[in-house]
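The values are calculated or read from the model by the stated rules, or taken from the named source; none is laboratory data. Bear in mind the structure is a predicted one, so any value in this text is a computation, not a measurement. Positions of Cβ are backbone-derived with ideal geometry, glycine not excepted, and every protein chain shown enters the neighbour counts. Each accessible area value is taken on the protein alone, full model and side chains, heavy atoms only, with ligands, DNA and RNA left out. Shrake-Rupley method; radii C 1.70, N 1.55, O 1.52, S 1.80 Å.
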Amino acid sequence: MRVVVEEEEEEEVMYPSTPGKVKVEQRSSAAMSRQVHRCFASTGTMFLWALFLVAMTATYLSFRSLAGDAAASSSRYFPAASWGGLHWERQIRASASPRRPPGSAEGAGLSVLVTGAAGFVGAHCSLALRKRGDGVVGIDNYNSYYDPSLKKARRALLGSHGVFVVDGDINDGRLLAKLFDVVPFTHVLHLAAQAGVRYAMENPSSYVRSNVAGLVSLLESCKDADPQPAVVWASSSSVYGLNDAAPFSEAHRTDKPASLYAATKKAGEAITHTYNHIYGLSITGLRFFTVYGPWGRPDMAYFFFTRNILQGKPVTVYRGRDHVDIARDFTYIDDIVRGCLAALDTAGRSTGGGGRKRGAAPYRIFNLGNTSPVTVPALVTMLERCLMVKARRHVVEMPGNGDVPFTHANISLAREQLGYKPTTSLEMGLKKFVRWYLSYYGYNRGTHSFRNHL
């Protein structure tokens, strides 16, 4: 009704009668003033509401974008938690429980957390520990540096022997804290790392994150644990870098790394020394020399040489300065495993607890190698004999990508303190590797084809 009246008044103003002209004009002016006031009041209110809604929308979209970025970052590093709960804890405890018979000459058995358990060395060590009756829990993040299906096949193998592998990242402090809360591990065998010398030129941050930040994350959990575990971890022969004194000894200087990978491993040795000194963690570092064998890493030369030879593709063989053949101290996986287990068995106790040191704790570093360097051309010749196929060799000068011309281990210290004695020659080890490779990938010699995906 009110609107109608206003419309009638407006019509009256626009069409006045002659007798009340002045009075009508006054009324017209007042009505116009009221209309303008209402219009601007209404428009101002609407504008304020519109501005408020725009601000709220912008805030929401901005928050959602930030949340999305954070979620993407979090999911990239720590996928949605697949751990926790009573069933998960029961699996962890069952896997961590030693199974040695009472009165065993070896003692009650160890309870070992193995990082990188679905990796090459990690899977072999986990199986060896379980087979002798030790408790083992693994952790692995199954990254895509090489085909994750191979890692998952190793995990399935471990599962068939009663070893539970947690799908997780060593940079996830909450997960590590939970594992140490559920199980009082006696030892940690730290084998998780970003491997490979050349890949560091493509993705340097992955080396810092895994080999430095990941190591610190693990050591933080170890030093806070009560009781503290003894830590055995994988360093690398790469720390010798540009050292030209052979064979490489633990007493040699390691301050000239030739690659970022080597630098992160050298940093790891300094970091572990710090945690040993401040927190009383028992630390043993193992410098591996070119480990090979069944279930190995596809990025290693012997592995992709085998693939290329069978597929009729060229094999690129690098040659050093002055046409000197590159040589490596190839070490078979079973010998490395025996060295790792010996290091665990002889590791002295950590002396801290809850982050406090109560006394000096052991700090050791050992070379684990074969002591018999073999040139890469000789390696190719051995593979040709094992595969009964001639390789198409493509010899080129070694690029400046961080590789070194030779490695040669002095293992006298490991022999003396660990009883370490490698027994597998490269020729014998390659035969075992080729047998596994042909079986795993389903190679048919008649058709020269693979049943399984490479």
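Computed values, structure above
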{"item": "Relative contact order, percent, segment 285-418 [alpha-carbon distance under 8 Å, six or more residues apart]", "result": "40 percent"}
{"item": "Label point distance in nm, Ile278-Arg174, each placed 7 Å from Cα along Cα→Cβ", "result": "2.5 nm"}
{"item": "Segment His161-Arg392, length gained on full extension (0.36 nm per residue, minus Cα span)", "result": "79.1 nm"}
{"item": "Length gained when the stretch Asp181-Lys431 is fully extended (0.36 nm per residue, less Cα-Cα span)", "result": "85.6 nm"}
{"item": "Other-chain or far-sequence residues with amide H under 5 Å of Val315's (modelled H)", "result": "Arg392, Arg393, His394"}
{"item": "Surface accessible to a 1.4 Å probe, per residue, for the residues of segment 225-350, Å²", "result": "37 Å²"}
{"item": "For segment 83-156: rounded, prolate or oblate by the Cα gyration tensor [a/c cutoff 1.5]", "result": "oblate"}
{"item": "Fully extended contour minus Cα-Cα distance, from Glu202 to Ser412, at 0.36 nm per residue", "result": "71.9 nm"}
{"item": "Candidate lysines - alpha carbon under 21 Å from Lys131, same-chain residues fewer than 8 apart omitted", "result": "Lys151, Lys152, Lys421, Lys432"}
{"item": "Surface per residue (accessible, 1.4 Å probe) for segment 136-209, Å²", "result": "39 Å²"}
{"item": "Tensor-based shape of segment 167-317 (alpha-carbon gyration tensor, a/c under 1.5 rounded, otherwise prolate or oblate)", "result": "prolate"}
{"item": "Sequence-distant residues sharing a close amide H with Ala230 (under 5 Å, placed H)", "result": "His187, Val188, Ser350"}
{"item": "Accessible carbon and sulfur surface of segment 309-454 relative to its total accessible area, %, 1.4 Å", "result": "51 percent"}
{"item": "Carbon and sulfur %, accessible surface of segment 79-191 computed with the full protein complex present, 1.4 Å", "result": "55 percent"}
